Amino acid sequence: MFLQTHNLCKDFGALRAVHSVNLKIGKGVHSVIGPNGAGKTTLFNLLTGFLKPTEGKIFYLNKEITDLPPYEISQLGLARSFQITSIFPDLSVHENLRVAVQSRLKASYNFLRSFKKLKGVDEKTQEILDRVGLKDMAETSAKNLSYGLQRGLDIGISLATDPKLILLDEPTSGMDRKDSAQIIELISVISKRIPIVLIEHNIDAVLSISDMITVLYQGAILAEGGPSEIQKNEKVQEAYLGGYRVA
Ligand SMILES: Nc1ncnc2c1ncn2[C@@H]1O[C@H](COP(=O)(O)OP(=O)(O)OP(=O)(O)O)[C@@H](O)[C@H]1O
Ligand SMILES: [Mg+2]
């Protein structure tokens, strides 16, 4: 188990935004879906240390992280992709990735090992360029990429930190169908090596790439299971699948 929560709760005043959530994240893509205001982003904020739970515990790779600050959680390899904010618009795609790879290494900078590390930076940058499918765009300024490819670059930047688990909150929001399909494909490929927790409103995409789906409704888990199980679940259909907004 990569990540696990025990009776996780978060109150905002009188509102219980996250209600006794017991989540178990294993391999592959685990999607968290639910109507607007269901508590999905709040859950991510709890998992990454940006919010402290009112009650409950969080375990990451069997270590309790409930009270750790965000930077310590991220150093443990739990990465969260922020919407494009981590991109330097005037740097090329290659430079953006290189900066991200280097900043990861800086923490353990050692003069004697620096040459070897520099070589490591080049290799790692190339590897990520390849993995996010941006090799042909390596010299393009980030600001000239389409919105979809910028999100791809953003995911590449989170890969540079060697994450053990990646959390993505609506990575396709605001994208056209083509860009969106590209990002979903990228997520699917990356998830073969690194588990991904995905919040996504495009239900077709969720059903096609998820190994596991958790449905949140008013802060609590309404249902959990594989795509076909969730699709068939009457409680889920009643709660919202019928009139669900498709991105
Ligand atoms: N900082 C906050 N202070 C007070 N209330 C908050 C705060 N953050 C979220 N909420 C409330 O908690 C509930 C859950 O919000 P959250 O953003 O987690 O939902 P969500 O499932 O991510 O929704 P969406 O699909 O619209 O992104 C909502 O009612 C929201 O208004
Ligand atoms: Mg949200």
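Go through the residues of the range 148-163 one by one and say whether even a single one is modelled with pLDDT of 95 or more and either touching a Lys or Arg at 6+ places or on another chain (Cβ under 6 Å) or away from ligand 2 (no atom under 16 Å from the Cβ) (or both). No, there is no match, as no residue in the range 148-163 is modelled with pLDDT of 95 or more and either touching a Lys or Arg at 6+ places or on another chain (Cβ under 6 Å) or away from ligand 2 (no atom under 16 Å from the Cβ) (or both). Restricting attention to the range 122-137, the residues that are open to solvent by less than 10 Å² (accessible area, probe 1.4 Å) and over 30 Å from residue 43 (Cα atoms) total 3. Kindly evaluate residue 46 against the criterion of being surrounded by 22 or more Cβ atoms within 10 Å (Cβ to Cβ), at pLDDT 90 or above and more than 21 Å from residue 187 (Cα to Cα). Yes, satisfied.
Only one entry of 176, 204 meets the criterion of being more than 16 Å from ligand 1 (Cβ to nearest atom), over 21 Å from residue 78 (Cα atoms) and touching a Gly at 6+ places or on another chain (Cβ under 8 Å), and that entry is 176. In the range 69-88, the residue that is modelled with the lowest pLDDT out of those that are in a loop (DSSP other than H, G, I, E, B) and touching a Leu at 6+ places or on another chain (Cβ under 8 Å) is 87.
The strands (runs of 3 or more DSSP E) located wholly in the range 145-247 that include 1 or more residues which are within 23 Å of residue 61 (Cβ to Cβ) and open to solvent by 40 Å² or more (accessible area, probe 1.4 Å) occupy 212-217, 220-225. Is there a residue being crowded, with 19+ Cβ neighbours inside 10 Å, in the same structural domain as residue 231 (by TED's automatic domain parsing) and more than 16 Å from ligand 2 (Cβ to nearest atom) anywhere in the range 85-107? There is no residue in the range 85-107 that is crowded, with 19+ Cβ neighbours inside 10 Å, in the same structural domain as residue 231 (by TED's automatic domain parsing) and more than 16 Å from ligand 2 (Cβ to nearest atom). Remark: residue 29 falls outside the filter, which requires a residue to be within 16 Å of ligand 2 (Cβ to nearest atom) and open to solvent by less than 10 Å² (accessible area, probe 1.4 Å). Here residue 18 meets each of (1) free of Cβ contacts under 8 Å to residues at least 12 places away in the same chain; (2) touching a Lys or Arg at 6+ places or on another chain (Cβ under 6 Å) with one exception, condition (1). The set of residues in the range 31-84 that are within 27 Å of residue 206 (Cα to Cα), free of Cβ contacts under 8 Å to residues at least 40 places away in the same chain and away from ligand 1 (no atom under 16 Å from the Cβ) contains only 73.
The values are calculated or read from the model by the stated rules, or taken from the named source; none is laboratory data. Remember, predicted model here, so these are calculated numbers, not experimental data. Glycine gets a Cβ as well: all are built from the backbone with ideal geometry, and neighbour counts include every protein chain shown. Heavy atoms of the whole protein, side chains included, go into the accessibility calculation; ligands, DNA and RNA do not. Shrake-Rupley method; radii C 1.70, N 1.55, O 1.52, S 1.80 Å.
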